[in-house]
Amino acid sequence: ERIDTLMRGLKEVSDNIAHDLKTPLTRLRNRCEEALRVAKSESDYRAALEATIEESESLIRTFNALLMIARAESGQAREGMVELDAAEIVRGVAELYEPLAEEKGLALKVDAPASVLVRGHRELLSQALANLLDNAIKYAHRPAQAAQDRPQEILLAAREDKEGAILTVADRGPGIPEGDRGRVIERFVRLEQSRSEPGSGLGLSLAAAVARLHDGRLTLEDNHPGLRVMLALPRARAASHPDFASGRKSR
């Protein structure tokens with residue numbers, strides 16, 4: 001059953017890559033052809049080159065995300081697991097994204113105690129949190145407000161519970177309907193309301209893959225209003241269980 005699931009997933013990913021990457025690659029080619037056909041000055045060529053570079057960077061980010069998901073799902077990234085402070089990662093990601101949140105008129109609140117120790121892969125955990133926070137900033141609801149009103153708040157938190165650590169990103173945006181929450185963690189899935197925003201539909205997929213790598217779970221809930229995403233990580237002794245590679249959970 002595990003092999004069958006992986007094979008079906010591989011086919012779906014291949015189909016999605018062919019569908020979702022064909023459009024930007026075609027757009028890239030057409031832009032270059034248009035520049036050769038109509039550009040008449042150095043500034044015209046420069047504008048075409050800048051647009052081509054921007055499109056190329058978007059494609060590179062998509063492939064990088066796919067590679068990170070593949071690393072997480074194959075279990076290869078387990079070699080890079082160490083004991084680390086999840087609260088420190090939360091504070092670092094918040095510091096990185098705070099200027100962007102302010103630029104969007106949002107207040108980024110951090111609730112991370114002095115230390116929340118887990119065994120994990122620092123790069124993948126950081127990237128998963130960054131993806132979740134980036135989504136929250138993109139889709140957070142920002143109604144017209146008087147100058148004296150407080151900006152909408154996004155919460156980024158880390159806490160310990162009886163099973164391990166819980167990392168949370170919560171916003172006040174439109175949220176995700178309950179019926180779609182299982183679907184949006186699949187690769188390249190984007191809901192209609194997100195089509196106007198840049199993105200590849202891989203952010204939640206990566207976060208879910210990172211959760212599975214750590215024998216944890218990714219949960220999407222209603223934030224009344226908005227979306228609350230929780231990344232649960234087990235304690236260190238469970239995070240390196242050898243049965244993960246075969247798809248079995250530790251007991």
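The table below gives the values:
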{"read-out": "Estimated FRET transfer efficiency (CYS32, GLU153; beta-carbon r; R0 35 Å; 0.05)", "value": "0.20"}
{"read-out": "Nitroxide proxy distance, nm - points 7 Å out along Cα→Cβ at LEU25 and ARG61", "value": "2.0 nm"}
{"read-out": "Full-stretch length increase - GLU186, GLU42 - with 0.36 nm per residue and alpha-carbon distance subtracted", "value": "47.5 nm"}
{"read-out": "Estimated FRET transfer efficiency when R0 is 35 angstrom, pair LEU6-SER115 (beta carbons, to 0.05)", "value": "0.45"}
{"read-out": "Rounded to the nearest 10 Å², the accessible area of SER58 at probe 1.4 Å", "value": "50 Å²"}
{"read-out": "Highest to lowest packing among 215-224, 46-55, scored as the average C-beta count within 10 Å", "value": "215-224, 46-55"}
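The values are calculated or read from the model by the stated rules, or taken from the named source; none is laboratory data. Just so we're clear, the structure is a prediction, and the values are computed from it rather than from any experiment. In this analysis, Cβ positions are derived from the backbone assuming ideal geometry, glycine residues included, and neighbour counts consider all displayed protein chains. These accessible areas exclude ligands, DNA and RNA; they are computed on the full protein's heavy atoms, side chains included. Shrake-Rupley method; radii C 1.70, N 1.55, O 1.52, S 1.80 Å.
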